[in-house]
Amino acid sequence: MAKTIIELKNADLTLGNAAASVHVLKGMNLTILEGEAVGIVGPSGSGKSTLLMVLAGLEKLDSGEIIIRDTPLHKLSEDKVADFRGRNIGIVFQSFHLIANMTALENVAVPLELANVKDAFDIARRELQSVGLGERLSHYPGQLSGGEQQRVAIARALAPSPTLLIADEPTGNLDTDTGRQIADLLFAKQAERGTTLLLVTHDASLASRCSRQIHVRSGEIEADNAGIRTNKAAIA
C-alpha cells in the first residue's frame with residue numbers, strides 16, 4: 001500500500017492586509033500518496049499556485065497543518081523549513097530562475113554545494129547529461145533556448161534526489177512542441193525515480209497525463225478524481 005507523503009489539514013491562508021487582503025486557502029484538506037503524479041488545475045486566482053507554494057514550504061499557513069514525510073512543517077522555523085526543502089523538495093518554475101552569470105553546470109551544482117553535498121559538480125554533470133545537455137555544460141542561460149533553460153532547471157530540481165518534485169506551469173513560457181518535450185521529460189523522470197510529482201497547470205491536456213487531477217476554485221478543492229473527500233465533504 002502506498003505511503004502518505006503529504007497531509008494538509010484545515011489549511012487556511014490570507015494574503016495581503018486590510019482591504020487588500022484575499023482569503024486564498026479556505027480550510028483545505030488534502031492527502032497525497034508517495035509516487036503519485038498530481039495535476040492541480042483551476043481558474044486564475046483560484047489558489048492553485050498558492051497551494052503549491054504552501055506544499056513547497058515557501059508560504060506559511062495562518063492556521064492548519066502541513067505534514068510532509070512525517071515532518072510537521074507548520075511547527076518548524078523558516079531556517080528548518082528551508083533545510084527540509086533543500087533535502088526533500090525539487091521545484092521547477094515557469095520562468096526558469098537561472099542565475100545569468102553562471103554556466104548550466106554551475107546553476108545545478110551551486111545549490112548542492114551550499115547544502116554541503118559532496119561531489120556537487122559530478123552530480124550536476126550527470127543530471128545535465130540525463131536531461132540531454134551534456135554538450136551545454138559551459139553555456140550561460142543567455143546562450144540557451146527556453147527549452148534548454150527549463151532542462152537546466154529540471155536538472156537542478158532533481159540533483160538532490162528529492163522525494164517530491166513540484167512544477168508550477170513548467171511549460172507556460174514555451175512553444176507547444178518544446179512544452180511537450182519538457183512535459184515528456186518531467187513525466188519520464190518522475191516514473192524513472194518514483195518521485196511524487198505535483199504539477200500546477202492551466203493546460204487540461206497536460207493535467208490529464210497525471211494519474212490524478214485536483215480542481216481548485218476560490219480557495220477550495222472543488223473536485224478530486226482520486227476519490228479523496230474534499231474539505232467540504234470532510235466536515236459534513
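The values are calculated or read from the model by the stated rules, or taken from the named source; none is laboratory data. Quick caveat: nothing in here was measured; it's all calculated off a predicted structure. Every residue, glycine among them, receives a Cβ derived from its backbone with ideal geometry; neighbour counts consider all protein chains shown. Note: areas computed on protein heavy atoms with side chains; ligands, DNA, RNA excluded. Shrake-Rupley method; radii C 1.70, N 1.55, O 1.52, S 1.80 Å.
Results, tabulated for the structure shown:
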read-out	value
Pick from segment 153-181, criterion closer than 21 Å to Tyr140 by Cα, out of contact with any strand residue (DSSP E or B) (no Cβ under 6 Å at 6 or more places or on another chain) and of a type in the set (Val, Ile, Thr), ranking: modelled with the lowest pLDDT	Thr171
Segment 121-161: number of residues that are among the hydrophobic types (A, V, I, L, M, F, W, C) and open to solvent by 20 Å² or more (accessible area, probe 1.4 Å)	3
Residue in segment 44-56 that is in a loop (DSSP other than H, G, I, E, B), open to solvent by 70 Å² or more (accessible area, probe 1.4 Å), closer than 23 Å to Leu158 by Cβ and touching a Leu at 6+ places or on another chain (Cβ under 9 Å) present	no
Only listed residue being closer than 30 Å to His139 by Cα and not small (Gly, Ala, Ser), chosen from Val54, Val92, Val81, Val24	Val92
Residue selected from segment 162-182 under the condition closer than 18 Å to Leu52 by Cβ and β-branched (Val, Ile, Thr), by the criterion surrounded by the fewest Cβ atoms within 10 Å (Cβ to Cβ)	Thr163
Residue that is in contact (Cβ under 8 Å) with a residue 40 or more places away in the chain, more than 20 Å from Arg151 (Cα to Cα), buried (at least 18 other Cβ atoms within 10 Å of the Cβ) and in contact with a strand residue (DSSP E or B) (Cβ under 7 Å, 6 or more places away or on another chain), where the choices are Ile91, Ile66	Ile66
Qualifying residue in segment 150-171 (condition: over 25 Å from Met102 (Cα atoms) and either in contact (Cβ under 8 Å) with a residue 60 or more places away in the chain or not small (Gly, Ala, Ser) (or both))	yes
Answer from Ile123, Ile67 - the residue that is among the hydrophobic types (A, V, I, L, M, F, W, C) and not in a helix (DSSP H, G or I)	Ile67
